[in-house]
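Readers should treat all values here as calculations from the given coordinates under stated rules, not as data from a laboratory. Treat the numbers as computed from the prediction; the structure is a model and nothing was measured. Counting neighbours? That spans all protein chains shown, and the Cβs are built from the backbone with ideal geometry, glycine included.
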């Protein structure tokens with residue numbers, strides 16, 4: 001059994017190996033540290049707000065659902081976890097396209113959002129593994145099958 005100091009020493013050695021592999025990792029880590037205290041841009045769009053939640057002031061295409069017929073709850077049943085929602089009919093009118101790397105704003109640390117083989121990425125899988133098509137729009141949010149009314153979706 002390792003002591004805390006032995007484990008810390010092993011972690012430090014492993015971290016040193018990663019940093020010193022000659023892949024330029026150390027240089028990139030040190031370069032990134034320059035931005036720790038620098039404010040970074042935030043790009044927020046196409047979100048849905050309800051139950052009194054307010055959108056970010058600079059968000060584009062935010063939708064605010066009015067009324068009191070919105071509830072969201074998590075039901076933890078041990079091995080399974082469910083998202084239980086009651087959403088108004090207006091939720092079904094909020095549609096977004098499948099997001100691709102080309103749709104995302106340019107950011108400081110990533111030149112392009114692409115796969116390991118340099119192909120453009122497509123964010124076409126939702127939280128529960130359902131796939132989205134590029135040819136149709138989908139409900140806003142991380143669950144493609146979410147609709148108005150009372151729903152119960154297994155998320156775990």
(message) Please arrange 121, 143 by how many other C-beta atoms lie within 10 Å of their C-beta, fewest to most.
(response) 121, 143
(request) Taking the Cβ of each residue in 123, 146 as the centre, tally the other Cβ atoms inside 10 Å and list the residues starting with the fewest. (result) 123, 146
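Averaged over all directions, how much area does the convex hull of the C-alpha atoms of the stretch 95-145 cover when projected, in nm²? Let's see the in-between values first.
Working: hull surface 16.6 nm².
Over all viewing directions, the stretch 95-145 projects a mean Cα-hull area of 4.1 nm².
For 39, 132, what's the fewest-to-most ordering of other Cβ within 10 Å of each Cβ?
Working: 39 6, 132 19.
Fewest-to-most Cβ neighbours within 10 Å comes out as 39, 132.
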(request) Would you mind checking the stretch 56-72 for residues with the amide N under 19 Å from a putative spin-label position 7 Å along Cα→C-beta of residue 123? (result) 56-64
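Compute the FRET efficiency between residue 82 and residue 38 as 1/(1 + (r/R0)^6), taking r as their Cβ-Cβ distance and R0 = 35 Å, and round to the nearest 0.05.
Working: r = 41 Å, r/R0 = 1.16.
My answer for the efficiency is 0.30.
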(message) So the label point goes 7 Å from the Cα of residue 49 along Cα→C-beta, right? Which residues of the stretch 65-93 then have their backbone N under 11 Å from it?
(response) 65
(request) On a C-alpha basis, how far is the centre of the stretch 39-83 from the centre of the stretch 84-139 in Å? Whole number, if you could? (result) 16
